[in-house]
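K.L.:
Take this structure, written in structure tokens, and hold onto it; I'll ask about it next.
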Amino acid sequence: MWVVLLLTGLAAVSFVREKFPIEVTSVGLLTVLLLFGQMFPVLDANGRNQLDAASLLIGFANPALVAVLALLVMGQAMTQTNALRPVTKLFMTSDRRWAWISIFGILIFVMLMSAFMNNTPLVILTIPILQGLSESAGISESRIMIPLSFAAILGGMTTLVGSSTNMLVSSAMIELGYEPLQFFDFFVPGMFMACVGFVYIIVILPRLLPDRTSLARQLVDNEKEFIAELDVASESKLVGMECLDGSFPKLPDLKVRLIQRSGHLILPPFEGYVIEPGDIMIVAATRDTLADILSQYPGYLLSEEEEKVMETRRQEEKVIEEVLLEEGDKDEVPVEPPVTLEEKVEETRILAEVMITPASRMIDMSLEQVGFHRQFGAIVLGIQRRARVVRRRLGRIRLEAGDVLLVAGTHAVIDAMRNNQDLIVLSGSKRELPVPKKAPLAAGIMVAVIAMAASGLLSIPVAAIAGAVTLIATDCLNVRQAVRAIDRKIFLLVGSMLALGAAIQVTGGARFIADLMLQMPYLDTPFAIAAVLFLVVAFCTNVLSNNACAILFTPIALNLAVNLGVDPFIFAVTVIFAANCSFASPIGYKTNLLVMGPGHYRFRDFIKSGVPLILILWLTYLVIARYYYGL
């Protein structure tokens with residue numbers, strides 16, 4: 001028992017420190033448990049080893065885990081087909097007065113929908129929409145991105161399929177010999193808690209959040225300035241120029257925002273920096289200043305790649321013109337007005353932010369391996385990870401889900417990225433995408449799966465697997481896309497934690513911890529025990545993960561219920577509500593990590609906004625426990 005509890009503590013420390021990826025810690029923990037169970041067997045009454053490989057690895061075939069993975073595939077199909085776009089388009093508006101109402105409506109929509117489907121695709125879909133609405137309403141994106149994530153989490157605590165946490169608690173109850181939870185068993189108290197939390201995120205939370213602008217917007221201090229790129233060639237007059245008193249002497253009216261040198265991002269201040277051949281300078285300047293630069297340093301405003309693109313375009317236009325002349329269609333030869341400097345700058349480059357999606361093929365690949373510039377025609381200027389600019393060489397950084405890339409490219413290039421399921425364009429062009437023909441079919445399959453699971457015609461694992469296979473069979477997404485949707489972190493984490501949970505139960509660790517809690521002073525009633533259990537699980541879910549907490553604390557909670565002589569269902573629901581309180585940390589829940597980049601949050605922003613919500617939900621739970629469950 002002590003060895004298993006020690007392994008639990010070491011795994012928790014590793015998850016918190018994040019020195020090693022979650023997958024590495026999970027596989028390492030599972031390996032140690034397998035070796036330990038083989039060398040030190042725990043025998044039951046029939047002489048069977050309860051810590052053998054079959055007992056520890058059975059978690060990877062757990063019906064709840066398989067259902068979670070199938071629901072991820074279904075969520076990917078909803079994203080792939082843009083099945084929810086017809087609904088979300090209803091909220092789009094450019095009117096400032098209606099923008100606030102639309103933001104409110106989208107948050108309600110996300111909370112309600114997350115009760116019946118995976119909330120990750122919901123958040124992915126609504127992030128760009130909320131960005132457009134925030135611009136229309138004249139508010140910062142940082143005021144509404146955390147509320148979006150919190151609304152999705154609140155909706156997930158109302159039904160059995162609302163969160164993977166809920167299904168894992170139900171699965172743990174089955175393994176311990178209890179009846180499983182039903183679809184709407186905790187809908188009423190869950191909806192009450194969700195409504196209380198929603199009032200907080202609408203009325204109070206925006207006042208607690210910082211007002212931060214995006215990295216792309218920070219590069220321009222007023223709307224009359226343009227963003228341009230100066231590529232410093234070896235023969236440039238700029239080579240050898242040193243920054244003095246915050247500016248470069250030959251560029252007095254030009255604001256240097258970034259310098260990219262050999263793949264490394266250099267941020268202000270530039271005092272003492274000397275311009276070297278090959279430097280790429282991202283600058284902000286007025287039209288007149290850019291005109292002066294073009295006259296003094298011709299050719300350096302455009303990068304080599306862009307000059308090649310523009311030259312190719314000119315040659316194509318010339319060929320078309322020659323063909324038309326040969327055919328005698330002189331009237332059809334287009335006569336274009338001379339391109340102004342402003343049009344040239346706008347055509348050559350705009351800045352945009354794109355985020356790596358959880359199912360992206362680029363995860364764990366470097367920009368060089370992805371071939372980002374060759375694939376998309378855009379240049380990556382910087383990478384933000386959890387709202388911080390990564391200062392290593394860009395080519396060596398392995399991408400993670402939620403990373404935000406600051407890219408520079410033409411309008412056409414940025415618009416083309418919107419068709420790629422590996423990326424979410426967070427800013428830049430706002431072009432609307434057409435709704436694919438498969439969208440109604442995907443939405444219909446999702447509704448059918450939810451209906452059959454809610455009515456009890458099919459169990460949740462059977463309904464989810466059937467729905468995922470039907471979506472693939474009807475070409476709503478292909479097998480490759482479905483495989484990408486299966487999150488290996490969830491698979492390995494849940495499988496290894498189920499093994500750890502089984503070991504804790506078999507070795508008596510769960511009973512030991514339950515007995516310790518019962519011996520604590522002032523915890524002499526089921527109500528007091530439930531209140532403390534909620535706080536402990538709510539704290540751990542922000543430090544570890546909601547799935548790990550659900551698996552580890554369900555056996556403890558059920559042991560407490562048995563010792564106290566109360567209905568185990570009440571304590572299981574307590575674990576569900578508390579494990580869903582992943583508000584105070586970006587690592588507690590995936591949607592928090594997704595909004596961290598677009599909202600430009602720091603770790604402390606989640607603590608400042610999440611801790612009050614956890615306390616409010618705790619007090620709300622106490623009311624529910626006393627008057628609804630009668631503790």
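The values are calculated or read from the model by the stated rules, or taken from the named source; none is laboratory data. Just so you know, these numbers come straight off a predicted model, no measurement behind them. Cβ coordinates were reconstructed from backbone atoms using ideal geometry, including for glycine residues, and neighbour counts include every protein chain displayed.
K.L.:
For segment 453-465, check the following and say yes or no: at least one residue is touching a Pro at 6+ places or on another chain (Cβ under 7 Å) and in the same structural domain as I551 (by TED's automatic domain parsing). Show your work before the answer.
P.N.:
Going through segment 453-465, the residues touching a Pro at 6+ places or on another chain (Cβ under 7 Å) turn out to be 461.
Checking the rest, the ones that are also in the same structural domain as I551 (by TED's automatic domain parsing) come to 461.
Yes, there is a match, as at least one residue in segment 453-465 is touching a Pro at 6+ places or on another chain (Cβ under 7 Å) and in the same structural domain as I551 (by TED's automatic domain parsing).
K.L.:
Of everything in segment 201-235 that's modelled with pLDDT of 75 or more and buried (at least 19 other Cβ atoms within 10 Å of the Cβ), which residue is nearest to F606 (Cα to Cα)?
P.N.:
L209
K.L.:
So in segment 380-405, with the set limited to residues that are crowded, with 16+ Cβ neighbours inside 10 Å and at pLDDT 75 or above, which one is nearest to M281 (Cα to Cα)?
P.N.:
L405
K.L.:
For the condition at pLDDT 85 or above, among the hydrophobic types (A, V, I, L, M, F, W, C) and on the phi < 0 side of the Ramachandran plot, what is the one hit in L433, L471, L426, L477? Lay out the reasoning, then the answer.
P.N.:
Working: L433 fails: at pLDDT 85 or above; L426 fails: at pLDDT 85 or above; L477 fails: at pLDDT 85 or above.
The unique qualifying residue is L471.
K.L.:
Does A416 qualify as being surrounded by 15 or more Cβ atoms within 10 Å (Cβ to Cβ) and touching a Leu at 6+ places or on another chain (Cβ under 8 Å)? Spell out how you get there, then give the answer.
P.N.:
Values: surrounded by 15 or more Cβ atoms within 10 Å (Cβ to Cβ): yes; touching a Leu at 6+ places or on another chain (Cβ under 8 Å): no.
For A416, the condition - surrounded by 15 or more Cβ atoms within 10 Å (Cβ to Cβ) and touching a Leu at 6+ places or on another chain (Cβ under 8 Å) - is not met.
K.L.:
When the residues of segment 590-619 are narrowed to those that are small (G, A, S) and closer than 22 Å to I129 by Cα, which ends up modelled with the lowest pLDDT?
P.N.:
First, pick out the residues of segment 590-619 that are small (G, A, S): 597, 599, 609-610.
Checking which are closer than 22 Å to I129 by Cα leaves us with 597, 599.
Numbers: G597: 72, G599: 78.
The selected residue is G597.
K.L.:
Here's something else I'd like to know. Does L552 count as surrounded by 23 or more Cβ atoms within 10 Å (Cβ to Cβ) and either modelled with pLDDT of 90 or more or in a helix (DSSP H, G or I) (or both)?
P.N.:
When the stated conditions are applied, L552 passes them.
K.L.:
Output the number of the condition that M145 fails; it satisfies all remaining conditions of (1) within 17 Å of P206 (Cα to Cα); (2) crowded, with 24+ Cβ neighbours inside 10 Å; (3) modelled with pLDDT under 80.
P.N.:
Here M145 clears every test but (3).
K.L.:
Test of understanding: among S247, S234, which residue is closer than 23 Å to I379 by Cα, small (G, A, S) and not assigned by TED's automatic domain parsing to the domain that holds L406?
P.N.:
S234
Residues checked against (1) closer than 17 Å to V16 by Cβ; (2) crowded, with 24+ Cβ neighbours inside 10 Å:
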residue	(1), (2)
A579	yes, yes
S582	yes, yes
G597	no, yes
F603	yes, no
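K.L.:
Right, next: Taking segment 108-143 as the search range and keeping residues that are of a type in the set (S, T, Y) and part of a helix (DSSP H, G or I), which one is farthest from the chain's Cα centre (by Cα)? Outline the logic, then answer.
P.N.:
So in segment 108-143, the residues of a type in the set (S, T, Y) come out as 114, 120, 126, 134, 136, 140, 142.
Within this subset, residues satisfying the condition of being part of a helix (DSSP H, G or I) are 120, 126, 134, 136, 142.
Numbers: T120: 7, T126: 12, S134: 19, S136: 24, S142: 15 Å.
Here the answer is S136.
K.L.:
Which of the helices (runs of 4 or more DSSP H) found entirely inside segment 434-546 contain at least 1 residues meeting this: under 22 Å from V3 (Cα atoms) and of a type in the set (S, T, N, Q)? Walk me through how you get there before you give the answer.
P.N.:
On the way: elements: 439-455, 460-473, 479-485, 488-506, 509-518, 526-543.
Of the helices (runs of 4 or more DSSP H) lying wholly inside segment 434-546, those with at least 1 residues that are under 22 Å from V3 (Cα atoms) and of a type in the set (S, T, N, Q) span 488-506.
K.L.:
So, one more: If only one of L125, L112, L84, L65 is of a type in the set (A, V, I, L, M), at pLDDT below 85 and within 25 Å of Y200 (Cα to Cα), which one is it? Before you say what the answer is, go through the steps one by one.
P.N.:
Numbers: L112 fails: at pLDDT below 85; L84 fails: within 25 Å of Y200 (Cα to Cα); L65 fails: within 25 Å of Y200 (Cα to Cα).
On inspection, the qualifying residue turns out to be L125.
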